[in-house]
Amino acid sequence: MKQIMLYCRAGFESETGAEFAALAEKYENWGYVRASKDTGFAIYETYQQEDAAALAQVPIRSLIFARQLVYGDTINFDPEDRVGPILAQVAEQGPFSELRMETPDTNEGKSLNRLAKKLAVPLSKGLQKQGKLIKDNSLPVLHVCLLAGTQAFVGVSEPGRHSPFVNGIMRLRVPSAAPSRSTLKLDEALLSFFSEAELAARMTSGMKAVDLGACPGGWTYQLVRRGLFVSSVDNGPMADSLMETGQVKHFREDGFGFDPKRKPISWINRQFGNGKRLKWPENAPSEWMVCDMADKPRRVVHMVIDWFAQGNTRNAIVNLKLPMKARWEEVQTCMNILRDELQDGMVIKAKHLYHDREEITVFVGYPKLN
């Protein structure tokens, strides 16, 4: 096996391939990228099989644009017998913890979903007959990604390094109480960047947060529902439902000029459904700053650096809106600025989330809470 398939959002194939090629070059594992626009994946071809095996150990969470990393080969088969060639392809591999039948996240890929479901049953039975499906999370996952009616990418992903979701996509529903769909971006970011224990350590009820460019309140909603008190900064209107919680103070001004050190206005305690009275933590530092403002990514990056330099927050999640051209180059520049300007040891994570479009989401924070 000498190929690595990288699942991604349609339209970001070249960025996905370029990022992985840069990583491979860093480790001196040489190869080349095959990426066609709007296919929903890129393939990295290695020259040596041992290089592909080594690169397959890269954790998917360390890549920005790729949703999933699968190590294997592209195979062709006859429409009269699709199962046999797939089983033959993995004859000397396994066992596997599970079989994932997948298709690219495109309209063309979705048209193959019915065929994928049809093949899942005989493939599972064939693998079970060979003793290659064992419920053990320490084993690799077998992926069969249909590319056409007569072609599939067949490969594996490594436990602990892959995305646990089919197609690498975390499926979330818009909460009925959320004022906008943008709420899913912050929800996915928090669930993607942190384990349950890590998030519990960094974000607890009663903390103070700032949401820059907040209106109508999609990101503020995620903070409020986790028990935080939020200074929501935006010239537009906030959802009444959020203002009624007593956990939100709306500042009608531009997010880039907001000063978080100003003395907070007195907060009115309210009775909540859980029977507890929440009180604004007077004079506490802002634990979180989040920002989904549409502006040049480097301006947002420098704003983040200023917030940490001035001691205004301990954690930040921001979206960087990418240009139409040279997107990977702009991402590299922004990440380098953060690494160069922030204190050594700061945690920096970035991901092109499923609910992102022409943007990436970035977390910056201290390695641990003091």
Over the chain: helical MRE at 222 nm, DSSP H runs n ≥ 4 each giving -39500 (n - 2.57), nearest 500: -8500 deg cm²/dmol
Whole-Å distance, taken between Cα centres, linking region 94-148 and region 27-85: 16
Spatially near lysine pairs across region 183-365, Cα under 21 Å, sequence gap of 8 or more or different chains: 23
Per-peptide average of other Cβ atoms within 10 Å, ordering 10-23, 243-256 highest first: 10-23, 243-256
18 Å Cα-Cα reach of Lys26 towards aspartates and glutamates, excluding residues that sit fewer than 8 places from it in its own chain: Glu15, Glu45, Glu50, Asp51, Glu329
Rh by Kirkwood over Cα pairs, then Stokes-Einstein D for region 1-82 at 1.567 mPa s and 4 °C, µm²/s: 101
Total charge dipole magnitude, region 49-103, about the Cα centre, Cβ charges on Lys, Arg, Asp, Glu only, Debye to nearest 20: 400
On Cα atoms only, tilt of 327-341 relative to the major axis of the chain in degrees: 50
Rg(Cα) / (2.2 N^0.38 Å) computed for the chain, rounded to two decimals: 1.11
Point-charge dipole on Cβ atoms (K/R +1, D/E -1) for region 3-168, about Cα centre, debye to 20: 760
Shape call, region 183-365: gyration tensor on alpha carbons, a/c limit 1.5: prolate
Selected from Arg82, Arg298, Arg67 as most flexible by GNM, with the chain as the system and alpha-carbon contacts under 10 Å: Arg82
Qualifying aspartates and glutamates (Cα of each under 18 Å from Cα of Lys110; at least 8 residues distant if same chain): Glu13, Asp38, Glu102
Anisotropy class of region 149-209 from Cα gyration tensor, a/c 1.5 cut: oblate
Given charges at beta-carbon only (K, R positive; D, E negative), |dipole| of region 183-365 in Debye: 460
Scattering curve values for region 67-170, log₁₀ I(q)/I(0), Debye with Cα scatterers, q = 0.14, 0.15 Å⁻¹: -0.49, -0.56
Among beta bridges that DSSP assigns inside the chain, antiparallel share in %, nearest 5: 65
Rg and Dmax of region 316-369, Cα atoms only, in Å: 11.8, 38
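Every number in this text was worked out from the coordinates using simple rules, so none of it is lab data. Just so we're clear, the structure is a prediction, and the values are computed from it rather than from any experiment. All Cβ positions, glycine included, derive from the backbone under ideal geometry; neighbour counts span all protein chains shown.
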